[in-house]
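**Student:** Below is a structure I'd like to ask you about.
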Protein chains: 2
Amino acid sequence: MEIRCIVKMGGAAITCKNELERINEENLDAVSSQLRQAMIPCSASVKTVGMDWSKRPGISEDVSSTLDDFCGDHTLNLLSNKFVVVHGAGSFGHFQASKSGVHKGGLDRPLVKAGFVATRISVTTLNLKIVRALAREGIPSIGMSPFACGWSTSKRNIASADLSMVAKAIESGFVPVLHGDAVFDEVQGCTILSGDVIIRHLAVLLKPEYVVFLTDVLGVYDCPPTVPDSVLLREIAVDEGGNWSVVKPTLRNMNKQVEITVAAHDTTGGMAAKISEAAMIAKHGIDVYIVKAATNHSLRALSGDLRGNIPDDWLGTIVRLTR
Amino acid sequence: MEIRCIVKMGGAAITCKNELERINEENLDAVSSQLRQAMIPCSASVKTVGMDWSKRPGISEDVSSTLDDFCGDHTLNLLSNKFVVVHGAGSFGHFQASKSGVHKGGLDRPLVKAGFVATRISVTTLNLKIVRALAREGIPSIGMSPFACGWSTSKRNIASADLSMVAKAIESGFVPVLHGDAVFDEVQGCTILSGDVIIRHLAVLLKPEYVVFLTDVLGVYDCPPTVPDSVLLREIAVDEGGNWSVVKPTLRNMNKQVEITVAAHDTTGGMAAKISEAAMIAKHGIDVYIVKAATNHSLRALSGDLRGNIPDDWLGTIVRLTR
């Protein structure tokens, strides 16, 4: 089965990170539209036939008029490129998980058990919103919670992750939408399985042509992007052992310092973890693009325009195996 | 593993059947409260500590005050009786499924594929609302979609239904909440797996002490309950072959006519299908109670008060194996 692309919708890109459970609607709509263009390239010129026929609070839409569009049965463009979507939690789930310590385990403690329930409610709420946004664009999206799929961890590493339903959904022409989730852990009882760990696991097993991380900044920088003179790392080379180094731009005074700087400033594990995760994927020969969501750069990355040479005017970070 | 009870929340009992995607909030709250009393019998006297820490549109609740209640770690009453909840679709999902013909299969047709996506969005929306209502009552509920769990059918009968995640969730002290869902079918591509079929499958494999069907009428009648002089069937006896007959009340003029009458008036398959489904469960020695949701009768049924003799003042239908 030829998978074109696995996309990570970063929590920071699609939610308002500082406000509890608030979607960044504008970004989510733009990302959904770009995904439609990447999955169904010929859809740009025709009317989108939505697949979300449910009520939306505050929005009155006549569902039956949507259905009229299906009469000819030819208005829907079939998916030409197979995609899998994984999203993070952003302002959904983090609050519930951190207040209760779900990631540290201990399901016999009432607070942890309650936090497990509360976290799953929050992340599945976000999942449903994303599935609906994609469906409104005509993307046949199917929400699949790692917990319900039976995924579990051992000491926070994936212990069991049955991909058969994901594969079956892809084969049948759907786009599985997975997410960071609270799951059972064989050793500590429970933990949080992050979207990044899911991505790596899916990428190694499904071997897509490329993986795209959609974030809220242009890519990976040598120091926090808010710092003046911070430099966007354009290309990172990875060897088969997973070691990585910055190839472009040529960093004069920095050398190996970059890795340390990146790791040091990033207490949340965001960007340093992202490069390491990306390198773990890239070492299998799968290109990884880290790019700002809802920009022309993300559209080009999603559409596969970067598979050959990287255009000079493309902004983002490419993590790629040196052959 | 000793499962106390599997509960079917009928779509008609928890949604407003004639209005698209409208929850019957009053009933759902009452049912959730009764389920708490049945699962956590000592909880009646103490304050409920909710497990839904997510925002609710139009309702401002301070989540952090909920969390303060957890400080002592002893305020939460642990589940003493193991339950599984399955719900129907009611006014969620039916519209999307019937408009597109998902139950008839044919995933290669764009309308069916879109309907599959739209149906899953609608039923998972309902599932999330029910999981949240239960969590607000302090029930550690976990939404588990049959589709994501990998359940599938062959010619509309269950072909594959891995119960390991359901069992694991129960063992860990959670209450799995399943639902009627759109699933893959080996022969026709896809279909609708109904809540009633799920209940039967779960009952046979998990062998609960009893099964409760919560509906919007008192139980099963000899003819539609809106007809004057319709008689509530109080007790139905089932033999090991699954054949059933009305034991109480003693029906003078009706004899075998009852079965035919029930089947004939019920074009939606509701009540006739319900007796047949109940008989398929009861023949395994599991009592089935069909009762009106959110009444004192449903509370007694859920609490297991009917396991011995049936009180004369209890109203509902019992379907039970004749030994």
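The values are calculated or read from the model by the stated rules, or taken from the named source; none is laboratory data. Remember, it's a predicted structure, so these values are computed and weren't measured experimentally. Note that each Cβ is placed from the backbone with ideal geometry, even for glycine, and that neighbours are counted across all protein chains shown. Each accessible area value is taken on the protein alone, full model and side chains, heavy atoms only, with ligands, DNA and RNA left out. Shrake-Rupley method; radii C 1.70, N 1.55, O 1.52, S 1.80 Å.
**Student:** Grab the residue from chain A whose Cβ hugs the A-to-B rotation axis most tightly, plus its distance in whole angstrom.
**Tutor:** A:148, 2
**Student:** Taking each residue in A:130-142, count the Cβ atoms of any other chain within 10 Å of its Cβ, then average. What number comes out? Please report the intermediate quantities before stating the final value.
**Tutor:** On the way: counts 0, 4, 5, 0, 1, 5, 1, 0, 3, 1, 7, 3, 9.
So the per-residue partner count for this stretch is 3.
**Student:** Moving on to the next point. When ligands, DNA and RNA are left out and all protein chains stay put, how many square angstrom of accessible area per residue does chain B have with a 1.4 Å probe?
**Tutor:** Details: 12920 Å² over 323 residues.
Here the per-residue accessible area is 40 Å².
**Student:** Among B:139-151, B:217-229, B:193-205, what's the highest-first ranking by average C-beta atoms within 10 angstrom per residue? Working shown, then result.
**Tutor:** Working: B:139-151: 25.8, B:217-229: 16.1, B:193-205: 21.6.
The peptides rank, most packed first, as B:139-151, B:193-205, B:217-229.
**Student:** Next up: Could you give me the percent of Cα pairs per 20 Å distance bin for the protein assembly as shown, shortest bin first, beginning at zero and ending with the bin that holds the maximum distance?
**Tutor:** 19, 49, 26, 6, 0
**Student:** Quick check: net charge around residue B:41, other residues with Cβ under 14 Å of its Cβ, Lys/Arg +1 and Asp/Glu -1?
**Tutor:** Values: positive: B:4, B:36, B:82, B:300; negative: B:137, B:305.
Taking every Cβ under 14 Å from that of residue B:41, the sum is +2.
**Student:** Using C-alpha positions alone, give me the convex hull volume of chain B per residue in cubic angstrom.
**Tutor:** On the way: hull volume 47.0 nm³, N = 323.
Convex hull volume per residue, Cα atoms: 145 Å³.
**Student:** Here's a follow-up. Considering only the other residues whose Cβ falls under 14 Å of the Cβ of residue A:310, what net charge follows from Lys and Arg at +1 and Asp and Glu at -1?
**Tutor:** Charge balance near residue A:310 sits at 0.
**Student:** While we're on this one: Ignoring any ligand, DNA or RNA, what whole percent of the accessible area of the protein assembly as shown comes from carbon and sulfur when the probe is 1.4 angstrom? Mind dumping the intermediate values first?
**Tutor:** Values: 12640 of 25820 Å².
Roughly 49 percent, rounded to a whole number.
**Student:** At 7 angstrom along the Cα-to-beta-carbon line, where would the label on residue A:80 sit relative to the other copies? Give the distances in nm, shortest first.
**Tutor:** 6.4
**Student:** Is there a simple number for the mean count of other chain Cβ atoms within 10 Å of the Cβ of residues in B:119-127, and what is it?
**Tutor:** Per residue, the average neighbour count from other chains is 5.
**Student:** If you stretched the chain out fully between residue B:322 and residue B:186, how much longer would it get, using 0.36 nm times the residue separation minus the C-alpha to C-alpha distance? Present the calculation step by step, with values, prior to reporting the outcome.
**Tutor:** Values: separation 136, 0.36 × 136 = 48.96 nm, distance 3.70 nm.
Between residue B:322 and residue B:186, full extension yields an extra 45.3 nm.
**Student:** Residue B:57 label points, 7 Å along Cα→Cβ, one per copy: pairwise distances from this copy to the rest in nm, shortest first?
**Tutor:** 0.5
**Student:** A further question follows. Any idea of the total accessible area buried by the B-A contact, 1.4 Å probe, rounded to 100 Å²? Present the calculation step by step, with values, prior to reporting the outcome.
**Tutor:** On the way: alone 15310 and 15290 Å², together 25820 Å².
The B and A chains share an interface burying roughly 4800 Å².
**Student:** Which distance in nm do the two modelled labels at residue A:209 and residue A:37 give, with both placed 7 Å along the Cα-to-Cβ direction?
**Tutor:** 1.7 nm
**Student:** On to the next question. Order the peptides A:242-248, A:179-185, B:106-112 from the highest to the lowest mean number of other Cβ atoms within 10 Å of their residues. The partial results should precede the final answer.
**Tutor:** On the way: A:242-248: 16.4, A:179-185: 26.4, B:106-112: 18.3.
Peptide ranking by packing, descending: A:179-185, B:106-112, A:242-248.
**Student:** So how strong a dipole does the protein assembly as shown carry about its Cα centre when Lys and Arg Cβ are +1 and Asp and Glu Cβ are -1, to the nearest 20 debye?
**Tutor:** On the way: 66 positive and 68 negative charges, 120 e Å.
Rounded to the nearest 20 debye, it is 580 debye.
**Student:** Helix-only estimate, please: 222 nm mean residue ellipticity of chain A, summing -39500 (n - 2.57) across DSSP H runs of length 4 or more and dividing by its residues, to the nearest 500.
**Tutor:** Numbers: 10 runs with 109 residues, N = 323.
Computed mean residue ellipticity for chain A: -10000 deg cm²/dmol.
**Student:** Something else now. Could you check how many percent of all C-alpha pairs in the range B:145-239 are farther apart than 15 Å? Could you put the intermediate results ahead of the total?
**Tutor:** Values: 3071 of 4465 pairs.
The share of Cα pairs beyond 15 Å in the range B:145-239 comes to 69 percent.
**Student:** If packing is taken as the mean number of other Cβ atoms within 10 Å per residue, what is the order of B:10-16, A:317-323, highest first?
**Tutor:** Values: B:10-16: 24.4, A:317-323: 19.9.
The packing order, highest mean first, is B:10-16, A:317-323.
**Student:** Here is a further query. When each copy gets a label point 7 Å from Cα toward the beta-carbon at residue B:231, what are the spacings between them in nm, shortest first?
**Tutor:** From this label point to the equivalent ones elsewhere in the assembly: 9.1 nm.
**Student:** Additional query: With the cut-off at 31 Å, tell me which of the pairs A:168/B:104; B:168/B:248; A:55/B:113; B:99/B:168 have Cα atoms farther apart than that. Walk me through the numbers before you get to the answer.
**Tutor:** Working: A:168/B:104 19 Å; B:168/B:248 40 Å; A:55/B:113 19 Å; B:99/B:168 36 Å.
In this structure, B:168/B:248; B:99/B:168 exceed 31 Å between Cα atoms.
**Student:** OK, next. Quick one: net charge of residue A:131's neighbours, Cβ under 9 Å, K/R +1, D/E -1?
**Tutor:** Details: positive: A:129, A:132, B:120; negative: A:52.
Summing Lys/Arg as +1 and Asp/Glu as -1 gives +2.
**Student:** Now for a different question. Apply the membrane-span-like helix rule to chain B: whole DSSP H runs, Cα extent along the own long axis of at least 24 Å, mean Kyte-Doolittle hydropathy at least -0.5. List the helices found.
**Tutor:** Details: long enough: B:110-136 (39 Å, 0.79).
Span-like helices, by this rule, are B:110-136.
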